Amino acid sequence: MSQIVVEKKVLNENQKIALELREKFRAHKILVINIVSSPGSGKTTLLEQTLERMDKSKRVALLTGDLQTENDARRLAQWGFPVKQIITGGTCHLDAKMIERHLADWPLENIDVLIIENVGNLVCPTGYDLGEHFKIVMLSVTEGEDKPLKYPSIFVKSELMILSKVDLLPYVPFDAEVAKSNARMVHPGIEIIETSNKGDGMEQWMKWLEEKLAAVKSGELISI
Amino acid sequence: MHELSIVSSVLDQLDELKKQHEGAVFSKVGLRVGELAGVDVDCLRFGFEAVVKDTHWERLALEIEQVPRRQRCPACSEEFRAENWATTCPKCGETETVVVAGQELEIAYVEVEE
Ligand SMILES: Nc1nc2c(ncn2[C@@H]2O[C@H](COP(=O)(O)OP(=O)(O)O)[C@@H](O)[C@H]2O)c(=O)[nH]1
Ligand SMILES: [Mg+2]
Ligand SMILES: [Zn+2]
């Protein structure tokens, strides 16, 4: 019996494509974010509100992942920004190849911000780099406070946690402080914004996007 | 599903490796999986068996080394095991410590029959 030392990362193929994507995003100074949550946490809702408030001179484009349907793209298209649905046909995450394929006929030089809504799943998207600057994890108050402890990987990898549906806090047995401290336990320094479809937190969220975009445009923010 | 795609990724890489080691029979592959890698190890084992069945990898064994999460303190350089997600530096109390191990998802080695 002999042994060959391999020492190679497993998701190689994905990482290769993600690197190429990242290179393109950098060349065109595009801010790219990848939003991950369980199904129904409110990703599409947040994006609808974002587009509604977005300065129309900002060139935002969206890719939204779903197992089967085109519903989210339809919901998002009404704001006039380009949207494409990625139907994964059962695969529980987006991978870099899917992003590459769906971007192929888009003029990258005309995009400032690319927002990717991942497939509703807290586990699988974690391991797939899409060439983004930031992963953002969303947790709604109708889920458990212990989600950060149960699914730590995505919280560790996310720059920002969006605590969504805070309008429901008076009606659900959810302790926001416990949820936030759990998130900070697994990822010290994670940023947290509390939002709802009633407009809570939107100003802060829009400012976050604005600042990250400015940093990408000035060359201050480069992802590796 | 996710675990299945990891298994196919691993087998693709082994197919490549096999080209560089002509005639060698791979009997075991060793994977290193960090606790932050977002991989369910039981699922991975199960998926592995399902995927290799009735293929040329049917006799390939799988060994998984699980890597615990370790943090490093930027203030005092202490490195420690982050048990139960406790990431505060046990030596100096610094709260903003950095992950140094536990995110691995790697093929460590393959064993070859002589
Ligand atoms: N009360 C309340 N409901 C919300 C909020 N955000 C989303 N929802 C509802 O939650 C459900 C799932 O939202 P959706 O945006 O489709 O979630 P996604 O699967 O993460 O994209 C929908 O019925 C929304 O109307 C919120 O802030 N407050
Ligand atoms: Mg959605
Ligand atoms: Zn310390």
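The values are calculated or read from the model by the stated rules, or taken from the named source; none is laboratory data. This is a predicted model, so every value here is computed, not measured. Neighbour counts run over all protein chains shown; Cβ positions are idealised from the backbone, glycine included. Ligands, DNA and RNA are stripped out before the accessible areas are found, and what is left, the full protein with its side chains, is counted by its heavy atoms. Shrake-Rupley method; radii C 1.70, N 1.55, O 1.52, S 1.80 Å.
Of the accessible area of the range A:1-126, computed with a 1.4 Å probe over protein heavy atoms only, carbon and sulfur atoms account for 50 percent.
Only Cα sites of chain A enter the Debye sum here, all with the same form factor; the resulting log10 I(q)/I(0) across q = 0.07, 0.18 1/Å is -0.22, -1.45, listed in q order. Protein heavy-atom surface of the range A:135-218, 1.4 angstrom probe: 50% of the accessible area is carbon and sulfur, with nucleic acids and ligands not counted. For chain B, the relative contact order comes to 36 percent (Cα pairs under 8 Å, sequence separation of at least 6).
Ranking of A:MET185, A:MET1 by solvent-accessible surface, largest first: A:MET1, A:MET185 (1.4 Å probe, protein heavy atoms only, all chains present). The mean count of C-beta atoms from other chains within 10 Å of the C-beta of residues in B:20-29, rounded to a whole number, is 1. Set against the 2.2 N^0.38 Å expectation for a compact globular protein, the range A:167-224 has a Cα radius of gyration ratio of 1.45. Cross-link check: pairs A:LYS16/A:LYS84; A:LYS150/B:LYS18; A:LYS9/A:LYS212; A:LYS43/A:LYS212; A:LYS135/A:LYS165 evaluated at a Cα-Cα cut-off of 27 Å; pairs beyond the cut-off: A:LYS150/B:LYS18; A:LYS9/A:LYS212. For chain B, carbon and sulfur atoms together expose 47% of the accessible surface, with a 1.4 angstrom probe and every protein chain in place. Heavy-atom accessible surface of the protein assembly as shown, averaged per residue, reaches 47 Å², computed with a 1.4 Å probe. Between the listed residues B:SER5, B:TRP85, B:VAL52, the Cα displaced farthest toward the positive end of the dipole of chain B, a dipole computed from Cβ unit charges relative to the Cα centre, is found at B:TRP85. In the distance distribution for chain B, Cα-Cα pairs more than 23 Å apart total 42 percent. Chains B and A together bury roughly 2700 Å² of accessible surface, counting both sides and using a 1.4 Å probe on protein heavy atoms.
Only protein heavy atoms count here; on that basis, with a 1.4 Å probe, A:SER57 has an accessible area of about 80 Å².
Computed with a 1.4 Å probe on the full set of protein chains, the accessible area for B:SER5 sits at about 40 Å². Under the convention that each Lys and Arg Cβ holds +1 and each Asp and Glu Cβ holds -1, the size of the dipole of chain A around its Cα centre is about 400 debye. Mean separation of Cα pairs under 8 Å and 6 or more residues apart, divided by the residue count, gives the range A:2-218 a relative contact order of 25 percent.
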